[in-house]
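Each remark here refers to the structure printed beneath this line.
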Amino acid sequence: MKIGRKVIDWASEDLQAVLETENIKTFMITGHSQGNPHAMAAAYHFGDRVTGLGLNAPLLPNDVTEEIGIAGAMAYESLKTTDELDNPLNAHWFFGLYLFVDLFAPSAPTQALISMATNIDKDKELVKMMRYTFSRSMVRGSAANTWESALDVAYLWGFDPREIKTKNICVWHALDDSACPPEIGAWLAEYYKEKGAYVNFKNDNIGFNHMTFSSSYYRKAENSMVKALLDGYKKN
């Protein structure tokens, strides 16, 4: 663990190494929820090499939400920094994630997301995907999840996403999202559009809350964010 690690470090260190090893010059990247900071960090750091940026239920760093007057993502005000988590007195944070991720996964996290919406449990393929995803989290362990959900890692990114210059962007954010305020998605779509980007903006409300654009319908190739980014790339 690197105390004080910022999301931008992931792009400049971890992702940089992968791109070099795989000899990748240009690429598209998407994120969902807490994956959005990483996707935006890549777009910010690699500039023109990123030909498409997909933001599914995005959030913003604390300093930006405070400046523009929009509520931040759920529960950020209660999180500890990596420096605070390094203190043995905060071991209960790791134990809490152990119970949630290691002991009860994938049932507890999946059930928490299902309870947020009215239609998720009707989408059997989505529930299956969620359970599989959380089972993979168990492999990484609760310690990794605790560090990555720290305040400075999740909400103090080390860069300003308003400086992203990507010209092909998808912003998909459900109107009933209770984890990441939908006002964030609407604001980002308008902001990047004003900066000259081609922006594909969706704000459906189909009773899937935070998982709307991960539902089975949007995972079909013809309805997917990847397809929308490829279409946007052709238009640019």
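The values are calculated or read from the model by the stated rules, or taken from the named source; none is laboratory data. Keep in mind the model is a prediction, meaning the values are calculated, not measured. When we count neighbours, we look across all protein chains shown, and the Cβ atoms used for this are built from the backbone with ideal geometry, even at glycine.
Say whether the condition of being under 30 Å from Ala43 (Cα atoms), basic (Lys, Arg) and loosely packed, with under 14 Cβ neighbours inside 10 Å is met by at least one residue in the range 137-157. The answer is yes; a qualifying residue exists. Within the range 190-217, how many residues turn out to be within 30 Å of Leu113 (Cα to Cα), outside any strand (DSSP E or B) and either touching a His at 6+ places or on another chain (Cβ under 8 Å) or without any contact (Cβ under 8 Å) to a residue 12 or more places away in the chain (or both)? The qualifying residues number 5. Of the listed requirements (1) assigned to a helix (DSSP H, G or I); (2) surrounded by 14 or more Cβ atoms within 10 Å (Cβ to Cβ), Lys234 misses just one: (2). Considered as a group, the residues in the range 79-101 that are over 21 Å from Ala112 (Cα atoms) and among the hydrophobic types (A, V, I, L, M, F, W, C) include one that is nearest to the chain's Cα centre (by Cα), and that residue is Leu85.
Residue-wise test of (1) within 25 Å of Arg219 (Cα to Cα); (2) among the polar types (S, T, N, Q); (3) in contact (Cβ under 8 Å) with a residue 12 or more places away in the chain.
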| position | (1), (2), (3) |
| --- | --- |
| Val18 | no, no, no |
| Thr30 | yes, yes, yes |
| Pro61 | no, no, yes |
| Ala73 | yes, no, yes |
| Lys80 | no, no, yes |
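Residues being outside any loop (DSSP other than H, G, I, E, B) and over 26 Å from Ile8 (Cα atoms) are entirely absent from the range 60-80. With respect to (1) in contact with a Cys (Cβ under 6 Å, 6 or more places away or on another chain); (2) surrounded by fewer than 12 Cβ atoms within 10 Å (Cβ to Cβ), the lone exception for Leu89 is condition (1).
Mind checking whether some residue in the range 164-181 is assigned to a helix (DSSP H, G or I) and touching a residue at least 12 places away in the same chain (Cβ under 8 Å)? No. Taking first residues from the range 120-146 that are farther than 21 Å from Ser216 by Cα and partners that are at pLDDT below 90 and of a type in the set (Ser, Thr, Tyr), the Cβ contacts under 6 Å between residues at least 6 apart in sequence or on separate chains come to Ser142/Tyr98. Within the span defined as the range 39-51, every residue fails to be of a type outside the set (Gly, Ala, Ser), modelled with pLDDT under 95 and either in a helix (DSSP H, G or I) or in contact with a helix residue (DSSP H, G or I) (Cβ under 9 Å, 6 or more places away or on another chain) (or both).
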